[in-house]
Amino acid sequence: MITEQSRNSKNILGLFLKGEVITTVAILVVLTYFLVSRGLPMVLTIIIDFAVFAIVTMSLNLETGFTGIPQFGRVLAVIAGAFAVGAIPGRIMAASMGLPWGLKYAKDSIHYQISPELTQVLANSWVFSLLFLIFCVTIAAASGAGIGWLTSRPAIRLKEAYLGISLLAFGDFFMWVGHNWEPLVGGSTAVYVPDPFRIFGGGRFQAVVIVIFLVAMLVYAYLNRLTSSPFGRSLKMIRDNEVSAAAAGKDITRIRTQSLVIGSMLAGVAGGLYVIYTGTVTAMGYSRLVWTFWPWAFMMLGGIGSTTGVLLGVMVLTIMRTMITVYRFQLFGFLMAWGINPLWLEYTLMGAVIIGVILFLPHGLVPEKVQPMLPAGRVKKLFSGGMAAKPR
Amino acid sequence: MRNLLVTENITKKFGGLVAVNKVSIEVKEQTFTMLIGPNGCGKTTLINCCTGILKPTEGRVLFGDTDITGWPTHKIYEVGFVRSFQIPLPFLGLTVLDNVLGAMRNSGEAPLKAPFRRLWVQEEENNMEKAMEILRRVRLDNHWDKPSHTLGAAQLKMLEVAKGLASGARLIALDEPIGGVDPASADEILTHVAELKKEGLTFLVVEHRIDIAAPYADYIYAMDLGRLISQGTPSEVLNDPKVIEVYLGKGVEAC
Ligand SMILES: Nc1ncnc2c1ncn2[C@@H]1O[C@H](COP(=O)(O)OP(=O)(O)OP(=O)(O)O)[C@@H](O)[C@H]1O
Ligand SMILES: [Mg+2]
């Protein structure tokens, strides 16, 4: 019999011996070298993009990879989190300080008077900054969860394609609401958000990156634990066969709703954190392309249903994307001669990735593993303690 | 003996087709009640109407004293009535063991509790012991850690039965549990079912292989073209000329 140890090492070895993974890692190393050589800001940009999209993509994977919900409206919960952070905490501060908090607040980007004053208050107090940050994350999570729950009401009983289209439509709907209803987040202009990281002064960028990266890792740990459980098993049962899951006593509507609410909550947090990082919200920045279809591409490349795979997918494509943004004119300028503007190259890349994955890597770089919900070691111990050893 | 399941004039129409026509059956507690009939006579549809997979067009379904007509499947599971599927519907992304565990209850199914393994791991381990015992009965214990998609057709059938047995229900409806299974294993499974009956479980079994299953039956209902045509003890039903005519033909002597 193979021991637990040798089995594990064989698995890891097997993973690295796989051509796709080697190629990926090689590309990653080369690209990372290029980008790192451009200095710290570039590295930080990659980390922040990775972290934010990792949260969004993992949340998508919970709903789509584990539960089988065709979540084509991921952008919706991201918007909910972003708009909430853009619209609420700063206003509460402004109101309590006797500053305007109505339409004038939403249009502050024109006068730029209110938010600098608010940021100044935060920059003078660690306590305020921390409380503000915690409040932002909480409100983003609550808005994401709330909007997830609301959309689940009419939609959750629909079958695959109909559910997917409904979710997609909800997502676009909210973007246009934000764009056209000025009092929310300034409509077509940006709304400024007080900056809880200003207190770090020159280290602001580093601090915000580290915090958001840590949140992403927390989300990873949380989702791993959440899905390696009887709850995770119920999700996969529903994904694999609804009728059979119902016969096994699973309340399909309730469990799908739970998955959607948790996923949307996490996506909301990502949206909120992104706003804190950039310091502004513009409704049009939350497009379906970037916040729904890119996460889909990341997830498909990494491996649908594999949380670790998803991280790898986000990492690979974030680095490639950054690479393209940085070097598009130097390296791909020749495309101009053929009438292709390299400006759009990153969008082309995502499309190409989706097609490539479907054709050559249908299960992604790290395919989902079918394994016991408890760690194999624990199960083995249980069975070697008498049960499996018992003769028939 | 008390009636555990009663159907009152269940009718199910698919458009113009009357798949089940005013069928009333009674399944008494702690019995092995069999449902037989030729292909397409409406046996599976009747089970579907009882377990919430389909809503009956007319009629009532009573479980104990509760009217469960039209209830969703998972609520019927909760009152203690489950069914297995004629065509196995395994959870392909799960191991064999997790397929069975998934049919059981664990408080770690609640999303707030799920991330904290300590809170549910004891339940899980208890469930695992029960699940392994059931897998041993259906001879799948050596396959426990395999993905269920690697099983063969007969093994999937057994997994389907195992899921039913694992649920801890009081009434288990098995839709052709031994179809495609070799006679020795089939006997073993039915013997196990008979033992479970002694422990207080009740079975409603749809089965084509009457020669193997009838000896275990306490009571048989026979259907044809959506209607009930005969009922009684195995010998009464299998010797009923109506049953012989529509279904059994020369097979009767074998019993
Ligand atoms: N969902 C459905 N829609 C339309 N017709 C159906 C549906 N399900 C079953 N039928 C029809 O109802 C009739 C009864 O089917 P059912 O599956 O209940 O028969 P059965 O007795 O289980 O047969 P078998 O022994 O082959 O399993 C058949 O004519 C079948 O074609
Ligand atoms: Mg049938």
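We did not get these values from a lab; they are worked out from the coordinates using the rules stated. The structure displayed is predicted, hence computed values, not measured ones. Positions of Cβ are backbone-derived with ideal geometry, glycine not excepted, and every protein chain shown enters the neighbour counts.
Brief remarks on what is shown
- Chain A, relative contact order in percent, only Cα pairs under 8 angstrom and at least six apart counted: 28
- With the simple spin-label model, which puts each label point 7 Å out from Cα in the Cβ direction, the A:Ile358 to A:Trp126 separation comes to 5.3 nm.
- Placing a pseudo-label 7 Å from each Cα along the Cα-to-Cβ vector at A:Val36 and B:Thr191 gives an inter-label distance of 6.6 nm.
- Here segment B:42-99 and segment A:281-326 have alpha carbon centers that stand 41 Å from each other.
- With Cα atoms, 0 to 90° folded angle of helix B:153-166 axis to chain B main axis: 80
- The protein assembly as shown - share of DSSP beta bridges that are antiparallel (%, nearest 5): 55
- Relative contact order for segment A:17-164: 27 percent, from Cα pairs under 8 Å spaced at least 6 residues apart, divided by residue count.
- Each helix, a run of at least 4 DSSP H residues, gives -39500 (n - 2.57); summed and divided by the residues of chain B, these come to -9500 deg cm²/dmol at 222 nm.
- Remark: for residue pairs A:Lys159/B:Lys197; B:Lys28/B:Lys113; B:Lys113/B:Lys146; A:Lys250/A:Lys380; A:Lys380/B:Lys75; B:Lys113/B:Lys197, the C-alpha separation exceeds 30 Å in A:Lys159/B:Lys197; B:Lys28/B:Lys113; A:Lys380/B:Lys75; B:Lys113/B:Lys197.
- A:Val243, A:Val366 arranged by Cβ crowding within 10 Å, fewest neighbours leading: A:Val243, A:Val366
- Residue-span extension gain [A:Gln206 to A:Ile134] - 0.36 nm each, minus C-alpha spacing: 24.1 nm
- With Cα atoms, 0 to 90° folded angle of helix B:183-198 axis to chain B main axis: 80
- Under the criterion of Cα pairs below 8 Å and six or more residues apart, the relative contact order for segment A:242-392 equals 23 percent.
- Helix A:40-61 axis, angle to chain A major axis (alpha carbon atoms, nearest 10°): 60
- Sequence of B:Asp175, B:Asp141 once ranked by neighbouring C-beta atoms within 10 Å, starting from the fewest: B:Asp141, B:Asp175
- For segment A:74-222: rounded, prolate or oblate by the Cα gyration tensor [a/c cutoff 1.5]: oblate
- Cα gyration tensor shape for segment B:95-150, rounded if a/c is under 1.5, else prolate or oblate: prolate
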